[in-house]
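J.: Right, I'll just put the structure down here and ask away after.
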Amino acid sequence: MADIDLPHLCRLAQLALDGAEADAARADLERIIDMVDRMQAFDTDGVEPLAHPLGTAARLRPDEVTEQVDRDRFQALAPAVQDGMYLVPRVVE
Amino acid sequence: MQPFTPLAELARGLRDREFSSRELTRSFLDRIRDHSATLNCFITVDEDRALAQADAADQRLAEGSATALTGIPIAHKDVFCTAGQRTTCGSRMLANFQAPYDATAVARLDAAGAVTLGKTNMDEFAMGSSNENSHFGPVANPWDPARVPGGSSGGSAAAVAAGLTPLATGTDTGGSIRQPAAFCGVTGIKPTYGRVSRYGMVAFASSLDQGGVFAASAAEAAVALAVMSGFDPLDSTSADQVDPWLNGLGDSHLAAPAEAPVIGLPRQYFEGLQDGGAALEDARRTLEEAGCRFVDVDLPHTDAAIPAYYIIAGAEASTNLSRYDGVRFGHRCENPRSLEDLYRRSRTEGFGAEVKRRILTGTYALSVGYFDAYYLKAQKLRRLIQNDFLAAFGSVDLILAPTTPGTAFPQGDLTDDPVAMYQQDIFTTPASLAGLPAMSVPCGFADGLPLGLQLIGPHFGERAVLETAALYQQHTDWHTRHPEAYA
């Protein structure tokens, strides 16, 4: 059975799972990792990993200003803003 | 207005002024209203917006500047951003999200004059094979409301199957167009990775996500695909692929292939099928009588596809979904005690169980000590899976396979077993990992429920895929069957 350190994974993923939800998530993850462990049966020695299906390098464009950021329009989506700033709880006391 | 009227007839009726786009749009909006309670295929329907678009289309039709899609109603999977209409992605996280811009695919369809009826229901963040993971409730299969429509584009597939829209967009990361197309008895195409711009498509797994379309036939899907596809400088992975054939499709009928293709049958895809492979065998015979030649091909790494897919898709999802932090947009928890608490509670409240599972799977695969054994291993297997296809396409033009192991399953059957749910994607994930164009076409029934066949082509081989599907549909009438309750 896979060794799942759920509190560690939750810290990395910024999720808070407790009680029954944590138990279910751990059980599911164990089954999922057991399933993906089928990969280990395939010999991949010397195989180059494939990150992009067309194998192409990222395209570059000329270094020119092509759009202006419309701060007001984007900040209209935010849960809390003030004077053009995003508001979050105080970080430094 | 009759539902299920062929697209070409709708376009002709609009051009000849037999009916207006407003009348056509109104008739589909009425059908959506009549069936929304049972099917739940739409998350948002904005009648005023649709009718305003229809009026603009009528204006264009009167001026003689119409395209093949001007005035034709379409529905968009709620993963595509639409300015001025909310884009939820099936998630509580984005339940009130108003995108500040249109997805390129939407903008292109709008520019062609298509009329947006609304936004269709989907598995949250496109993660699922049953449409049971939506914050807005499950979608019912029009052939049997107790069964799932497939996922993640379940709302789009069900809407086309029930005649609530002639066309609907979808996205396919590991089968999310093809599997619901098969379960709902409609035609659906996932183009080559990079063919349709991902700009404005809410990201799930960026190296796999690809937009496509559902329609009643290959010919109709091709008309919409021609408009949606093409290079887009706003998507850094958009393919700079000029294809005069595709762009010139318009409303002309898809021709049969100039030369009947040689089609490969991968034996790995024919084991354990619900109907014992009978529907596929009939399809093979039909295509053979139409001139196609069949040979066996070997895709030996097929069994590695599901594990490799769930590692790669999970890893990319855990990265992509890190943007949902409750700060700039999306759900924010009440009264956060600290920045950390804001992040954690906003994400925990905003995401559903399956999305959390995928994020945790991806986080596991990318974490120190597991990266090589899982993520890198999956990427190597992805190379071997792609190599299998490239080798097969050395001797065949296309590959014929089932889309799914069986018909639509009852709602609730697999919800407690994510691993069993993932196995549903066994025949669709390989083409996704390889970035190949693939489509699902109705090919028969088992116990009164539709079955789909899958045609897979080489990169940018949509022409052979679509033309062969059209050839098959000239010789069969499975794609013209409709669920009784909606006929």
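Just so it is clear, none of the values below were taken in a lab; they were calculated from the coordinates. These figures come from a predicted structure and were not determined experimentally. Note: ideal-geometry Cβ built from the backbone for every residue, glycine included; neighbour counts use all protein chains shown.
J.: Could you please report the charge total around residue B:265, scoring K, R as +1 and D, E as -1 over all other residues with beta-carbon less than 15 angstrom from its beta-carbon?
T.: Values: positive: B:267, B:284, B:285, B:293; negative: B:271, B:281, B:282, B:288, B:296, B:298, B:388, B:397.
Charge balance near residue B:265 sits at -4.
J.: A follow-up question, please. With all pairs of different alpha carbon atoms counted, what Kirkwood hydrodynamic radius in Å does segment A:1-41 show?
T.: Details: mean 1/r = 0.0920 Å⁻¹.
Computed over Cα pairs of segment A:1-41, the Kirkwood hydrodynamic radius comes out at 10.9 Å.
J.: Go through B:88-98, B:117-127 and give me the packing order, highest mean Cβ count within 10 Å leading.
T.: Details: B:88-98: 22.6, B:117-127: 30.5.
The peptides rank, most packed first, as B:117-127, B:88-98.
J.: OK, next. By DSSP, what percent of the beta bridges with both residues in chain B are antiparallel, rounded to the nearest 5?
T.: Values: 32 of 46 bridges.
Expressed as a percentage, antiparallel bridges in chain B total about 70.
J.: Let me ask you something else. Would you mind computing Rg(Cα) / (2.2 N^0.38 Å) for segment B:6-131, counting N as its residues?
T.: On the way: Rg = 15.0 Å, N = 126, 2.2 N^0.38 = 13.8 Å.
Against the compact-globule rule of thumb, the ratio is 1.08.
J.: A further question on this structure: For the protein assembly as shown, give the share of DSSP beta bridges that are antiparallel, in percent and rounded to the nearest 5; count only bridges with both residues there. Walk me through the intermediate numbers first.
T.: Numbers: 34 of 48 bridges.
The antiparallel proportion sits near 70 percent.
J.: 222 nm [θ] for chain B, helices only, -39500 (n - 2.57) per DSSP H run of 4+, per residue, to 500?
T.: Values: 16 runs with 178 residues, N = 487.
After summing the helix terms and dividing by the residues of chain B, the value is -11000 deg cm²/dmol.
J.: Further question: Please list, in chain and number order, the residues 5+ apart from residue B:133 or on another chain whose amide H is under 5 Å from its amide H, with Hs placed from the backbone.
T.: B:124
J.: Could you tell me the extents of chain A's C-alpha atoms along the three principal axes, largest first, rounded to whole Å?
T.: On the principal axes, chain A reaches 55, 45, 24 Å in Cα extent.
J.: Which of the peptides B:357-363, A:25-31 is most tightly packed, and how do the rest follow, going by the mean number of other Cβ atoms within 10 Å of each residue? Intermediate results must be reported in sequence, preceding the final value.
T.: Numbers: B:357-363: 25.6, A:25-31: 17.6.
The packing order, highest mean first, is B:357-363, A:25-31.
J.: If you don't mind, another one. From the residues B:51, B:29, B:14, which one has its Cα farthest along the dipole of segment B:8-69 in the positive direction, the dipole being from +1 and -1 charges on Cβ of Lys/Arg and Asp/Glu about the Cα centre?
T.: B:14
J.: Can you tell me the dipole magnitude for segment A:1-41 around its Cα centre, using point charges on the Cβ only (Lys, Arg +1; Asp, Glu -1), in Debye to the nearest 20?
T.: Values: 4 positive and 9 negative charges, 29 e Å.
So the dipole magnitude of segment A:1-41 works out to roughly 140 debye.
J.: Turning to a different aspect of this structure: For a distance above 15 Å, tell me the whole-number percent of Cα pairs in segment B:284-348 that qualify.
T.: Numbers: 1467 of 2080 pairs.
For segment B:284-348, the share of Cα pairs beyond 15 Å comes to 71 percent.
J.: Still on this structure: For chain B, what is the charge dipole size about the Cα centre, in debye to the nearest 20, if Lys and Arg each add +1 at the Cβ and Asp and Glu each add -1 at the Cβ?
T.: Values: 39 positive and 56 negative charges, 232 e Å.
I would put it at about 1120 debye.
J.: Which FRET efficiency value, to the nearest 0.05, do you get for residue B:390 and residue A:22 by plugging their Cβ-Cβ distance into 1/(1 + (r/R0)^6) with R0 = 60 Å?
T.: On the way: r = 44 Å, r/R0 = 0.73.
That pair, residue B:390 with residue A:22, gives E of 0.85.
J.: Computed FRET efficiency, Cβ-Cβ of residue B:368 and residue B:480, R0 56 Å: what is it to the nearest 0.05? Before the final figure, lay out each step's value.
T.: Values: r = 56 Å, r/R0 = 0.99.
The formula returns an efficiency of 0.50 here.
J.: Determine, for each peptide in B:329-337, A:61-69, the mean count of other beta carbons within 10 angstrom over its residues, then list the peptides with the highest first. It would help to have the intermediate numbers written out before the result.
T.: Values: B:329-337: 16.3, A:61-69: 6.3.
Descending packing order for the listed peptides: B:329-337, A:61-69.
J.: I'd like the GluC sites (Glu not before Pro) in segment B:1-93 restricted to DSSP loop residues with at most 14 other Cβ atoms within 10 Å, sorted by number. Don't skip to the answer; put the middle values down first.
T.: Values: sites: B:9, B:18, B:23, B:47, B:63; in loops: B:18.
Loop-located and lightly packed - B:18.
J.: Something else about it: How big is the C-alpha Rg of the protein assembly as shown next to the rule-of-thumb value 2.2 N^0.38 Å, as a ratio?
T.: Values: Rg = 22.9 Å, N = 580, 2.2 N^0.38 = 24.7 Å.
Normalised Cα radius of gyration, the protein assembly as shown: 0.93.
J.: State to the nearest 20 debye the size of the charge dipole of the protein assembly as shown about its Cα centre, where the only charges are +1 on K and R beta carbons and -1 on D and E beta carbons. Can you show the working numbers first?
T.: Working: 48 positive and 75 negative charges, 169 e Å.
Dipole about the Cα centre, nearest 20: 820 debye.
J.: Working from the pairwise distances between different alpha carbons, so that the mean of 1/r is found and then inverted, what is segment B:259-378's Kirkwood radius in Å? Could the numbers behind the result be given before it?
T.: Values: mean 1/r = 0.0546 Å⁻¹.
Here the Kirkwood hydrodynamic radius works out to 18.3 Å.
J.: On to the next question. Please compute, for peptide B:298-311, the average count of beta-carbon atoms on other protein chains lying within 10 Å of each residue's beta-carbon. Mind showing how you got there, number by number?
T.: Working: counts 0, 0, 1, 2, 0, 4, 6, 0, 4, 10, 5, 1, 5, 4.
Average per residue, whole number: 3.
J.: Evaluate peptide B:355-362: per residue, the Cβ atoms of other protein chains within 10 Å of its Cβ; return the mean as an integer. Let's see the in-between values first.
T.: Details: counts 1, 9, 5, 1, 6, 13, 6, 2.
Rounded to a whole number, the mean comes out at 5.
J.: Divide, for chain B, the radius of gyration over alpha carbons by 2.2 N^0.38 Å, where N is the residue count.
T.: On the way: Rg = 21.1 Å, N = 487, 2.2 N^0.38 = 23.1 Å.
Against the compact-globule rule of thumb, the ratio is 0.91.
J.: Quick check: net charge around residue B:210, other residues with Cβ under 10 Å of its Cβ, Lys/Arg +1 and Asp/Glu -1?
T.: Details: positive: B:190, B:195, B:198; negative: B:172, B:209.
Taking every Cβ under 10 Å from that of residue B:210, the sum is +1.
J.: Summarise the partner chain shielding of B:313-320 as one whole number: the mean count of Cβ atoms from other chains within 10 Å of each residue's Cβ.
T.: That works out to 1 on average.
J.: May I ask for the net charge around residue B:194, where only other residues with Cβ less than 9 Å from the Cβ of residue B:194 are counted and Lys, Arg are +1 while Asp, Glu are -1? If you can, show how the numbers build up before the last one.
T.: Values: positive: B:195, B:198; negative: B:235, B:240.
That sum, taken over residues with Cβ under 9 Å, equals 0.
J.: Restricting things to alpha carbons, tell me how big segment B:49-94 is in terms of Rg and Dmax, in Å.
T.: 13.9, 44
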